[in-house]
Amino acid sequence: MGAGAPPFQEKRRTVPPGDPFGALGNLQRRAIVELLAARPRSVQELADALPISRPAVSRHLRLLSRAGLVTDEPAGARRLYRLQGQGVDEVRDYLERVWGEAAARFRLFAQNTQP
């Protein structure tokens, strides 16, 4: 470590495009997804509902969009953001497959274990 460098420096981690789990690794992005699950919203509506700035919401939406979880469409002078069905379906399918396999292994173990 060089002189004067802070002892702990958190490196910014970038989320690779198309990585929905990386995109969902942030509390604010999960909050945005939850808000969009109810209905499409504008950047301003999201910013009003969250403790972050409008530019920060835009950055989070861009990342969620690159991950395939959010899409947008023009609505007059603004854009409305909504959940992207295909991206959300891929996340759900992955979780169901992984947890389904784990549940099946647990069930098999439990059935073959003597009390």
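The set of residues from region 62-85 being in a helix (DSSP H, G or I), surrounded by fewer than 18 Cβ atoms within 10 Å (Cβ to Cβ) and not small (Gly, Ala, Ser) comprises Arg62, Arg66.
Per-residue answers, yes or no, for (1) outside any helix (DSSP H, G or I); (2) free of Cβ contacts under 8 Å to residues at least 60 places away in the same chain; (3) under 18 Å from the mean Cα position of the chain (by Cα):
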{"position": "Ala56", "(1), (2), (3)": "no, yes, yes"}
{"position": "His60", "(1), (2), (3)": "no, yes, yes"}
{"position": "Gly87", "(1), (2), (3)": "no, no, yes"}
{"position": "Leu95", "(1), (2), (3)": "no, yes, yes"}
{"position": "Trp99", "(1), (2), (3)": "no, yes, no"}
{"position": "Arg107", "(1), (2), (3)": "no, yes, no"}
{"position": "Gln114", "(1), (2), (3)": "yes, yes, no"}
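Candidates in region 35-54 are the residues that are part of a helix (DSSP H, G or I) and free of Cβ contacts under 8 Å to residues at least 12 places away in the same chain; of these, the one that is surrounded by the fewest Cβ atoms within 10 Å (Cβ to Cβ) is Ala38.
Each value in this text was obtained by applying a stated rule to the coordinates, not by laboratory testing. Just so it is clear, the model here is predicted, and its values are computed rather than measured. Methodologically, a virtual Cβ is constructed for each residue, glycine included, from the backbone with ideal geometry; neighbour enumeration extends over all protein chains shown.
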